[in-house]
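Working notes, structure below.
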Amino acid sequence: MKLLMARHGQGEHQIKDGAGNDPPLTSLGERQAHHLGAYLAEHASVEAVYASDLKRARRTAEIAAEYLDLDVILDLDLREFEDWEAGWVPGPISQWDSLPNTPDLMPGYDRFRRRIRATLRRIVTDSDGRESVLIVAHGGTIGTMWRILLGSDTPRIACWNAALHEVAWVTSEWGDAWHFRYLNRIEYLPPDLRTL
């Protein structure tokens, strides 16, 4: 099974202050979503699309899903991390120790991480038998999914708008495992549509 993850297109909060807690896509973000959808239609066999219900992710998913002739399954548990006052993730111990023995997760991030782990497990379980599933969410959500699959709470993942990330569950003679295929695939976005 392939698990594709895409960050939403550029949101209004990225270009102007005061865009609110649930900003829509910019016109550039809408164009990014169209390029994402066209790329997926040509290069992936997506069988289900899950998305955060926040406007920027939901709209990105809706646009991409049109190219795939699929409906979007909205999932509130894919929402972005917002509990800033209760703390974010720990920093790496050193360049060479990104998997500390006792990572000190702040309470807010620990709750978020547990929610994302449960959501990821549910989506994968619900998608059993499907070849490929797309999740459209937020940078913090996708970064946390990567940290969960990597087994370390310290790596930082900078997700580009409308970029694709892929992992695949592979069964082989060497054992079953998640295989990390790529991070931040954006070649389908023209240079003037590439934003962080």
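The values are calculated or read from the model by the stated rules, or taken from the named source; none is laboratory data. Being a predicted model, the structure only gives us computed values, none of them experimental. In this analysis, Cβ positions are derived from the backbone assuming ideal geometry, glycine residues included, and neighbour counts consider all displayed protein chains.
Quick one: would you say ARG121 is modelled with pLDDT of 95 or more, closer than 27 Å to LEU70 by Cα, surrounded by 13 or more Cβ atoms within 10 Å (Cβ to Cβ) and charged (D, E, K, R)?
So ARG121 fails the test.
Any residue at all in the range 64-76 that is at pLDDT below 95 and either in contact with a Ser or Thr (Cβ under 9 Å, 6 or more places away or on another chain) or of a type in the set (A, V, I, L, M, F, W, C) (or both)?
For the range 64-76, residues at pLDDT below 95 and either in contact with a Ser or Thr (Cβ under 9 Å, 6 or more places away or on another chain) or of a type in the set (A, V, I, L, M, F, W, C) (or both): absent.
Out of everything in the range 1-31 that is surrounded by fewer than 17 Cβ atoms within 10 Å (Cβ to Cβ) and small (Gly, Ala, Ser), what residue ends up being farthest from the chain's Cα centre (by Cα)?
The qualifying residue farthest from the chain's Cα centre (by Cα) is GLY18.
Using beta carbons and a limit of 8 Å, which pairs, at least six apart or on different chains, have the first residue in the range 58-70 and in a helix (DSSP H, G or I) and the second one hydroxyl-bearing (Ser, Thr, Tyr)?
Sorted first by the residue in the range 58-70, then by its partner, the pairs are ARG58/SER52; ALA61/TYR50.
For the range 150-196, which residues satisfy the criterion of being farther than 17 Å from ARG7 by Cα and of a type in the set (A, V, I, L, M)?
Within the range 150-196, LEU150, ALA168, VAL170, ALA177 meet the criteria.
Is it the case that ILE157 is assigned to a loop (DSSP other than H, G, I, E, B), surrounded by fewer than 20 Cβ atoms within 10 Å (Cβ to Cβ), under 16 Å from the mean Cα position of the chain (by Cα) and of a type outside the set (D, E, K, R)?
Yes.
Being outside any helix (DSSP H, G or I), β-branched (Val, Ile, Thr) and either out of contact with any strand residue (DSSP E or B) (no Cβ under 6 Å at 6 or more places or on another chain) or in contact (Cβ under 8 Å) with a residue 12 or more places away in the chain (or both), is that true of even one residue in the range 111-124? Even if it seems obvious, please write down each step before you answer.
Within the range 111-124, the first condition is being outside any helix (DSSP H, G or I), and the residues that meet it are none.
Checked the range 111-124: no residue is outside any helix (DSSP H, G or I), β-branched (Val, Ile, Thr) and either out of contact with any strand residue (DSSP E or B) (no Cβ under 6 Å at 6 or more places or on another chain) or in contact (Cβ under 8 Å) with a residue 12 or more places away in the chain (or both).
Report yes if some residue within the range 128-138 is without any contact (Cβ under 8 Å) to a residue 12 or more places away in the chain, under 22 Å from TYR50 (Cα atoms) and exposed (fewer than 14 other Cβ atoms within 10 Å of the Cβ); otherwise report no.
Yes, the range 128-138 has at least one match.
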